[in-house]
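Notes follow once the structure below has been shown.
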Amino acid sequence: MGAMTGAGSRSLPWYAVGWRLVVTFAVVVTVALGTLVGNDGWWPFAPMSQYAFSVKNDGVINSLTMDALTVDGEVVRVPLSKEKIGIERSEIEGQAPRIVNNPGLLQDVAVLHRRRLPDEAAYRTIWLRNTQRDIRTRSETVLTLATWNVVDPLDPQPSGIPQDAR
Amino acid sequence: MNALRSFLAPTLPLARVAWLRRIIYPFVWLDVLWIVTDPIPHGDVPPSLYRGLAVRSLLGMPAPSHTYVRVLLVVILVSSAVAAFGKLPRLAGFVCAVGMLDWVSNAFAYSKVDHDHFALMVALFVLPTVGRASTRDVDVRSEAAGWAIRMVQIGAVSIYALSAWAKMRFGGWGWANGATLIWALTRRPNGIGPWVGSHPALTHALQWTVLIAEFCAPILLWLKGRALYAALLFWAGFHLSTYVMLKIHFLPLVVCLFAFLPLERLGSVRDRVRGRSARLERRDPPRGPVVDDRAALPAAGHQTGAS
């Protein structure tokens, strides 16, 4: 087997080699299948799909944003980041179809805002918006995808929408 | 079968594992305190926005709460610190691995999954299997060490190669001629990024370069010497350029590339530095009580040479 190459060599017994080969095979096959047929739910064997999508040279670039009307009557940009409100823009983008189906999920954004940034003015209305930028003409179109009037803005309670609701 | 065994579990110095632990476990601190910091704020997110992952359901990991994520952070920091010092390598290592599985899967359980942590997760689960390893074990070669190192290498090249396959699956064979890089540069402009983004031909050339390099990445497992170092330098440059243009660094993957290097040689560098400072001390002996350091120095040299 060629494992014993000197006094300082330590070979593994057959069973230790055996389980290592099985683990290697399982990890390599699963991670390959994850990319070839799996989805994000397979993590840590999920598809290595960051930047894997294609954007047409004459296509549009979508940028999702969230705006809010505060109880002070001011319209502000909701700071979608882990440092500020505690959830990232990319995470909201991933849940955008859910939010369009269940705008009540924006109630939970208001709850998160009160928990994380209690010194800021509370949100009365929240809008989920998409900005489409044409790569060629550089013109921008803003679309409102969902609107939610926050229930009890100063002391909002979670929506209670089930995790598996689509 | 023997060829497969020597490829997947080559006899490599235990010292390489010891040095890799000194890189990977301190990196865990950097990771949880600076890179993947989402789990702490996620503890405040109402559960309706929690999407979960299969691995979390399988292992019974709950939706994160305010206290849970803070306790988990302490567990990870303590276990990785213990493992970094080479103490309780199996127990501390496995606690750190499971803790990081919980931590990173928490970060990805809200509809945004990154793929930069695969090799690091592999490293955290295989490093404890080696057991005790010292940086002095330069000439103690072990299959257990070889397998762990090889798994980290396989984890790293898997990310590159499967990234290319994912581009074919999701972006199609025309991916390299598309505007994905322009899209990224528009959303995350940084440094020379906007200038690059205004030259479509350049972005296409960069996309082709990346795609071909990713497809060819498994070759790293067979490269040796200067060819290996050149390939590693290419990938280091690639990650540096994505950071300069997009502020995307992929550090959890970059640290795993150290598994390709003969880290065990760091021990002789350390000994040379110590030997030089000891010689300087002898030339200019300190005043006061005479301390005989001859006993310590030859011992260190002897151990390195004989082990």
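The values are calculated or read from the model by the stated rules, or taken from the named source; none is laboratory data. Worth saying up front: this structure is predicted, and the values here are computed from it rather than measured. Counting neighbours? That spans all protein chains shown, and the Cβs are built from the backbone with ideal geometry, glycine included.
Results, tabulated for the structure shown:
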| read-out | value |
| --- | --- |
| Residue match in region B:160-183 (condition: touching a strand residue (DSSP E or B) at 6+ places or on another chain (Cβ under 9 Å) and of a type in the set (Val, Ile, Thr)) | yes |
| One residue from B:Val122, B:Val69, B:Val78, B:Val95 being under 30 Å from A:Pro79 (Cβ atoms) and β-branched (Val, Ile, Thr) | B:Val69 |
| Residue list for region B:183-209, filter: under 16 Å from A:Ala52 (Cα atoms) and touching a helix residue (DSSP H, G or I) at 6+ places or on another chain (Cβ under 7 Å) | B:Ala184, B:Leu185, B:Thr203, B:His204, B:Leu206, B:Gln207, B:Trp208 |
| Inter-residue pairs, beta-carbon under 6 Å, first buried (at least 19 other Cβ atoms within 10 Å of the Cβ) and in region A:23-46, second of a type in the set (D, E, K, R) and assigned to a helix (DSSP H, G or I), 6+ apart | A:Ala46/A:Asp40 |
| Qualifying residue in region A:141-152 (condition: more than 25 Å from B:Ala63 (Cβ to Cβ), over 23 Å from the mean Cα position of the chain (by Cα) and surrounded by 15 or more Cβ atoms within 10 Å (Cβ to Cβ)) | no |
| Test: B:Ser268 is touching a residue at least 60 places away in the same chain (Cβ under 8 Å), polar (S, T, N, Q) and out of contact with any Phe, Trp or Tyr (no Cβ under 7 Å at 6 or more places or on another chain) | yes |
| Flag for A:Arg133 being at pLDDT below 90, in contact with a helix residue (DSSP H, G or I) (Cβ under 9 Å, 6 or more places away or on another chain) and not assigned by TED's automatic domain parsing to the domain that holds A:Ile87 | no |
| Residues located in region B:106-121, provided they are part of a helix (DSSP H, G or I), closer than 19 Å to A:Thr35 by Cα and more than 7 Å from chain A (Cβ to nearest Cβ) | B:Ala119, B:Leu120 |
| Output for region B:12-30, where each listed residue is in a helix (DSSP H, G or I) and within 14 Å of chain A (Cβ to nearest Cβ) | B:Leu14, B:Ala15, B:Arg16, B:Val17 |
| Residue, farthest from B:Arg187 (Cα to Cα), within region B:226-260, restricted to residues that are free of Cβ contacts under 8 Å to residues at least 12 places away in the same chain and exposed (fewer than 13 other Cβ atoms within 10 Å of the Cβ) | B:Arg226 |
| Pairs with Cβ under 7 Å, 6+ apart, first in region A:67-90 and farther than 13 Å from A:Leu117 by Cα and assigned by TED's automatic domain parsing to the domain that holds A:Gln107, second among the aromatic types (Phe, Trp, Tyr) and surrounded by fewer than 16 Cβ atoms within 10 Å (Cβ to Cβ) | none |
| B:Ala97 vs. criteria within 30 Å of A:Tyr15 (Cβ to Cβ) and surrounded by 19 or more Cβ atoms within 10 Å (Cβ to Cβ) | yes |
| B:Thr135, sole failed condition from (1) within 26 Å of B:Cys216 (Cα to Cα); (2) more than 7 Å from every other protein chain (Cβ to nearest Cβ); (3) of a type outside the set (A, V, I, L, M); (4) not in a helix (DSSP H, G or I) | (1) |
| Pairs with Cβ under 7 Å, 6+ apart, first in region A:108-123 and under 13 Å from A:Trp148 (Cβ atoms), second among the hydroxyl-bearing types (Ser, Thr, Tyr) | A:Asp108/A:Ser159; A:Asp108/B:Ser48; A:Ala110/A:Tyr123; A:His113/A:Tyr123; A:Tyr123/A:Thr70 |
| Residue identified as within 12 Å of chain A (Cβ to nearest Cβ), over 19 Å from B:Met121 (Cβ atoms) and acidic (Asp, Glu) among B:Asp44, B:Asp38 | B:Asp44 |
| Every residue from region B:250-293 that is assigned to a loop (DSSP other than H, G, I, E, B), modelled with pLDDT of 75 or more and out of contact with any helix residue (DSSP H, G or I) (no Cβ under 6 Å at 6 or more places or on another chain) | B:Leu261, B:Pro262 |
| Residue match in region B:145-166 (condition: within 28 Å of A:Arg89 (Cα to Cα) and more than 10 Å from every other protein chain (Cβ to nearest Cβ)) | yes |
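Results for (1) assigned to a strand (DSSP E or B); (2) surrounded by 17 or more Cβ atoms within 10 Å (Cβ to Cβ); (3) within 16 Å of the chain's Cα centre (by Cα); (4) more than 7 Å from chain B (Cβ to nearest Cβ), shown as yes or no for each residue.
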residue: A:Ser49; (1), (2), (3), (4): no, yes, yes, no
residue: A:Asn62; (1), (2), (3), (4): yes, no, yes, yes
residue: A:Val76; (1), (2), (3), (4): yes, no, no, yes
residue: A:Lys82; (1), (2), (3), (4): no, yes, yes, no
residue: A:Ile85; (1), (2), (3), (4): no, yes, yes, yes
residue: A:Ile92; (1), (2), (3), (4): no, yes, yes, yes
residue: A:Gln95; (1), (2), (3), (4): no, yes, yes, no
residue: A:Ile99; (1), (2), (3), (4): no, yes, yes, yes
residue: A:Asp108; (1), (2), (3), (4): no, yes, yes, no
